[in-house]
Amino acid sequence: MIIFSGGTGTPKLLDGLKHILPHEDIHVVVNTAEDVWVSGNLITPDIDTILYLFSEKIDRNKWWGVENDTFHTHQALLDAGFDEGMMIGDIDRATHIMRTELLRNGLSLTESIRELCRYFGISAGIYPMTDDSVSTYIETPKGMLHFQDFWVSKRGLPNVTDVKIEGIEKASITPLVLELLEKEDNILIGPSNPITSIGPILALPGMVDILKDKNVVAISPIIGNKPVSGPAGKLMAAKGYDVSTKGVAECYAEFLDVMVIDSKDTSDVHEIESLGCSVRQENTLMKSVEVSKTLSESIIRIFDELNTSR
């Protein structure tokens, strides 16, 4: 199974899925449009969350960073009057340093992540969506902000008038991801932000056409008209989508087969299905690994049904 992943929503699902499927059968294609250089090192926030999840290092209170990490370097920099703009833990920083050194030694981002997977003992496949440089920028009434400035430094507070992905038109799907897509028919779009987490993956030239020939299941990160977490609502509205489960389905309408919405969502199912997909209702509010496992089992059954009907 191939899973498209961004921030915290999809990792919570993967936390259950990794108890259901052999790790070797899990292939995660991860957003890189929120990557940013800080203090000379490349930070890949969405990839690192997946690395820490599968290596059992993730801080489950925050769903980013390393559990029980320390922040001595971060504090020393602050004491010296140098503000990096985000809190980077010491163990987390070591990951950034290793990745950056691999890049400086000529490896691609894909190759550097494969090396980190070996180091962490991870057998699941973790793949950057592209090896090219792409960056998400948030347009506000006061100017453009890199996504990390908007979400971390500004805490997502500025009004949003547009979202742009710089460099996406010239970016390419990595050869490894293309190879995976040729072999695998089941694509799961995790419950991550459809605009800035999943959107950049879909915006890669050729990706939507590939997905039209696949079994695609998406899990909504919105229940009713409220995001489970993060700035998805504000960003969807800026791109002209209704902040609703139907709005999420509209983001994926060109290729979507099944939309999974929360069991307590009272949205009009027929309106969503009018977009050309079917709807399944499950408990998508993953407050425990047991809920994530149950949802994962349901997703596997949905794919089995799709494969049987082909």
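The values are calculated or read from the model by the stated rules, or taken from the named source; none is laboratory data. The shown structure was predicted, so the numbers you read here are calculated from the model rather than taken from an experiment. Here the Cβ is made from the backbone with ideal geometry for all residues, glycine too, and neighbour counts use every protein chain on show. Heads up: the accessible areas ignore ligands, DNA and RNA and are worked out on the full protein's heavy atoms, side chains in. Shrake-Rupley method; radii C 1.70, N 1.55, O 1.52, S 1.80 Å.
Residue under question is G65, and the condition is that it be over 23 Å from I165 (Cα atoms), of a type outside the set (A, V, I, L, M, F, W, C), in contact with a His (Cβ under 8 Å, 6 or more places away or on another chain) and touching a residue at least 24 places away in the same chain (Cβ under 8 Å); does it hold?
Details: over 23 Å from I165 (Cα atoms): yes; of a type outside the set (A, V, I, L, M, F, W, C): yes; in contact with a His (Cβ under 8 Å, 6 or more places away or on another chain): no; touching a residue at least 24 places away in the same chain (Cβ under 8 Å): yes.
Against the criterion (over 23 Å from I165 (Cα atoms), of a type outside the set (A, V, I, L, M, F, W, C), in contact with a His (Cβ under 8 Å, 6 or more places away or on another chain) and touching a residue at least 24 places away in the same chain (Cβ under 8 Å)), G65 does not qualify.
Can you name the residue in segment 176-196 that is within 14 Å of I3 (Cα to Cα) and open to solvent by less than 10 Å² (accessible area, probe 1.4 Å) and, of all such residues, is nearest to the chain's Cα centre (by Cα)?
Taking the candidates together, the pick is S192.
For segment 229-236, does any single residue satisfy the condition of being buried (at least 18 other Cβ atoms within 10 Å of the Cβ), of a type outside the set (D, E, K, R) and at pLDDT 95 or above?
Here is the first cut: in segment 229-236, the residues buried (at least 18 other Cβ atoms within 10 Å of the Cβ) are 230-236.
With the extra rule that they be of a type outside the set (D, E, K, R), the set shrinks to 230-233, 235-236.
Checking the rest, the ones that are also at pLDDT 95 or above come to none.
Within segment 229-236 (the criterion being buried (at least 18 other Cβ atoms within 10 Å of the Cβ), of a type outside the set (D, E, K, R) and at pLDDT 95 or above), the answer is no, since none of the residues qualifies.
Residues of segment 93-108 being open to solvent by 20 Å² or more (accessible area, probe 1.4 Å) and of a type outside the set (G, A, S), which ones? Walk me through how you get there before you give the answer.
Just the residues of segment 93-108 that are open to solvent by 20 Å² or more (accessible area, probe 1.4 Å), to begin with: 93-94, 97-98, 101-108.
R93, I97, M98, E101, L102, L103, R104, N105, L107, listed by residue number.
Given L116, L78, which one is modelled with pLDDT of 95 or more, over 18 Å from the mean Cα position of the chain (by Cα), crowded, with 19+ Cβ neighbours inside 10 Å and more than 30 Å from L235 (Cα to Cα)?
Numbers: L78 fails: crowded, with 19+ Cβ neighbours inside 10 Å.
Residue meeting the stated conditions: L116.
Restricting attention to segment 237-251, which residues are crowded, with 22+ Cβ neighbours inside 10 Å, part of a helix (DSSP H, G or I) and not hydrophobic (A, V, I, L, M, F, W, C)?
Taking segment 237-251 and keeping what is crowded, with 22+ Cβ neighbours inside 10 Å, we get 244-249.
Restricting the remaining residues to those that are part of a helix (DSSP H, G or I) gives 245-249.
The answer is T245, K246, G247.
Looking at K142 and the list (1) out of contact with any helix residue (DSSP H, G or I) (no Cβ under 7 Å at 6 or more places or on another chain); (2) at pLDDT 95 or above; (3) charged (D, E, K, R), which single condition is not satisfied?
Every condition holds for K142 apart from (2).
Tell me which strands (runs of 3 or more DSSP E) are completely within segment 120-164 and hold 3 or more residues being of a type in the set (S, T, N, Q) and over 30 Å from P22 (Cα atoms), or say none if there are none. Steps first, please.
Details: elements: 125-128, 135-140, 143-146.
In segment 120-164, 135-140 are the strands (runs of 3 or more DSSP E) which contain 3 or more residues that are of a type in the set (S, T, N, Q) and over 30 Å from P22 (Cα atoms).
On the given criteria, is P158 open to solvent by less than 60 Å² (accessible area, probe 1.4 Å) and touching a residue at least 40 places away in the same chain (Cβ under 8 Å)? Write out each step before concluding.
Details: open to solvent by less than 60 Å² (accessible area, probe 1.4 Å): yes; touching a residue at least 40 places away in the same chain (Cβ under 8 Å): no.
Here the answer is no, as P158 does not meet what is asked.
Please enumerate the residues belonging to segment 252-293 that are open to solvent by 80 Å² or more (accessible area, probe 1.4 Å) and in a helix (DSSP H, G or I). Before you say what the answer is, go through the steps one by one.
Restricting attention to segment 252-293, the residues satisfying the condition of being open to solvent by 80 Å² or more (accessible area, probe 1.4 Å) are 254, 264, 266, 270-271, 274, 281, 287, 290.
Matches in segment 252-293: H270, E271, E290.
Filter segment 2-18 for residues that are at pLDDT below 95 and more than 11 Å from L53 (Cβ to Cβ); which is least open to solvent (accessible area, probe 1.4 Å)?
G6
Return the pairs, sorted by first residue and then second, in which the second residue is part of a strand (DSSP E or B) and of a type in the set (S, T, Y), the first residue lies in segment 135-149 and is without any contact (Cβ under 8 Å) to a residue 60 or more places away in the chain and open to solvent by 70 Å² or more (accessible area, probe 1.4 Å), the beta carbons are less than 7 Å apart, and the residues are 6+ apart or on different chains.
M144/Y137
If you take the residues in segment 161-174 that are under 18 Å from the mean Cα position of the chain (by Cα) and in contact (Cβ under 8 Å) with a residue 60 or more places away in the chain, which one is most open to solvent (accessible area, probe 1.4 Å)?
I165
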